[in-house]
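The structure appears below as structure tokens.
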Amino acid sequence: MEPSSGGKAENIAGLDIVLAPRAERISKQEIERKISHLLAEVPGARFTVGLSSGGETGYNFSLTSTNPEVLEQTAQQIMTEIRALPSAGAVTSDRSLPRQELTVMPDRLAMADKGVTTQDIATTLRVATVGDYEQRLSKLNLDTRQIPIVVRLPDVAKQNVSQLEGLYVPSALPAGQGVRVGEVADLNFGTGPAQINRLDRERAISITVQPSDGELGDLVQAVKSVPAMQTLPPSITIIDQGRAENMAELFSGFVIAMSVGVVCILGVLILLFGRLLQPFTILMALPLSIGGAFVGLVITNSSLSMPSMIGFIMLMGIATKNSILLVDYALIAQRRGLARFEAIMDACRKRARPIIMTTIAMGAGMLPLVFGWGDADPTFRRPMAAAVLGGLVTLDTTKLGSDSGGIYIDG
């Protein structure tokens, strides 16, 4: 436990927990959820329990407003409703804990009459309560070092408003006519935020929600559907940050990358076959594989995320390779004198073995990730494996079963 500076929480402590092997315990997300539930009843403290899969924070968004009171109430209501979601784990915010503060309200007319400035009042109270700046302090010279000498009021006097109001403050009055702080300002003790955060020049509160099941996409949808998020006051604005913001950029970039990839594959195939219809026939396998990938995600209850997108890119290469094997061999069989239908059937019979071998090898590598075998946490990699496995099964059954690889083979 160590003290912090800058007006933040007085003490910060960290606790590392070493978990038992995954086969001998419940999931890490469930453990984090139970710990968060137990710590929620501790007053005057704020806890952050664990991280989501991949070592990154979960869904992070900021609420901004020019009205601090409405912002505080809205943030508290949203956090309360999010904690009730089954897909939400730990819910934290960067709202500073309220701390006792001394409020000084200068009397400008009295200050002008006695020649006192706000800087004079602030300097007097600062020196009396926390001491002067270190570079201005007197030093006690020793043989090897200097020790600063701090002169300030005792802690008991700092809590007494009458003693603080009795301090003398520099003024423009003649010598001997001192001015007390209480004559030019009103002092009161109260509470207030220890730190004020701003985003786009407005007061901001950042809220972070950890997913309980490791899936960020479902969590974002659930959070945005809570009643408090649907009925926000007009002065409140929501700004996605962190992984949610990165995911939005990732989706848009992925669509562009997929489109560019398909165009490049089409160009290479046109140069390879010297025709136009065969490349389009080969690329017909891509929708079949993508459809199967979505089926795999639905069966495994996985969301569309970065790992699943990686699986889509892998499927593009495998589907294109399998289609090239069928179409290329069918064209060779046609040049040897076989009719179109016989050439297609011959290509399917002779090229089925390498295609099935590729599928079995890839499926054998993805099955442990789908079922979560091993000691590693499969949460991050399961969507990728589910997308690849579902796409391969759909691709092979439709490709070889319906002979779709030979459509328009006469070109």
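The values are calculated or read from the model by the stated rules, or taken from the named source; none is laboratory data. What you are looking at is a predicted structure, and each value in this text was computed from that prediction instead of being measured. Because the Cβ atoms are built from the backbone with ideal geometry, glycine has one as well, and the counts that use them run over all protein chains shown.
Some values worked out for this structure:
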| item | result |
| --- | --- |
| Selection from the stretch 250-297 of residues that are exposed (fewer than 13 other Cβ atoms within 10 Å of the Cβ), of a type in the set (Val, Ile, Thr) and within 25 Å of residue 396 (Cβ to Cβ) | 268 |
| Some residue of the stretch 95-103 being surrounded by fewer than 17 Cβ atoms within 10 Å (Cβ to Cβ) and among the β-branched types (Val, Ile, Thr) | yes |
| Residue in the stretch 178-189 that is under 23 Å from the mean Cα position of the chain (by Cα) and either over 17 Å from residue 73 (Cα atoms) or not small (Gly, Ala, Ser) (or both) present | no |
| Evaluation of residue 361 against (1) surrounded by fewer than 18 Cβ atoms within 10 Å (Cβ to Cβ); (2) touching a Gly at 6+ places or on another chain (Cβ under 9 Å); (3) of a type outside the set (Lys, Arg); (4) at pLDDT 85 or above (one fails), failing number | (2) |
| Filter result (assigned to a strand (DSSP E or B) and either at pLDDT 75 or above or in the same structural domain as residue 380 (by TED's automatic domain parsing) (or both)) within the stretch 1-60 | 12, 59, 60 |
| Leading residue by the ranking (nearest to residue 321 (Cα to Cα)) among those in the stretch 345-355 that are touching a Leu at 6+ places or on another chain (Cβ under 8 Å) and touching a residue at least 40 places away in the same chain (Cβ under 8 Å) | 355 |
| Residues (assigned to a helix (DSSP H, G or I) and charged (D, E, K, R)) located in the stretch 353-390 | 353, 382 |
| Filtered residues of the stretch 129-184 (kept if polar (S, T, N, Q) and more than 23 Å from residue 119 (Cβ to Cβ)) | 141, 144, 146, 159, 160, 162 |
| Some residue of the stretch 221-239 being within 26 Å of residue 389 (Cα to Cα), of a type in the set (A, V, I, L, M) and surrounded by 14 or more Cβ atoms within 10 Å (Cβ to Cβ) | no |
| Residue in the stretch 206-215 that is out of contact with any Cys (no Cβ under 6 Å at 6 or more places or on another chain) and farther than 30 Å from residue 297 by Cα present | yes |
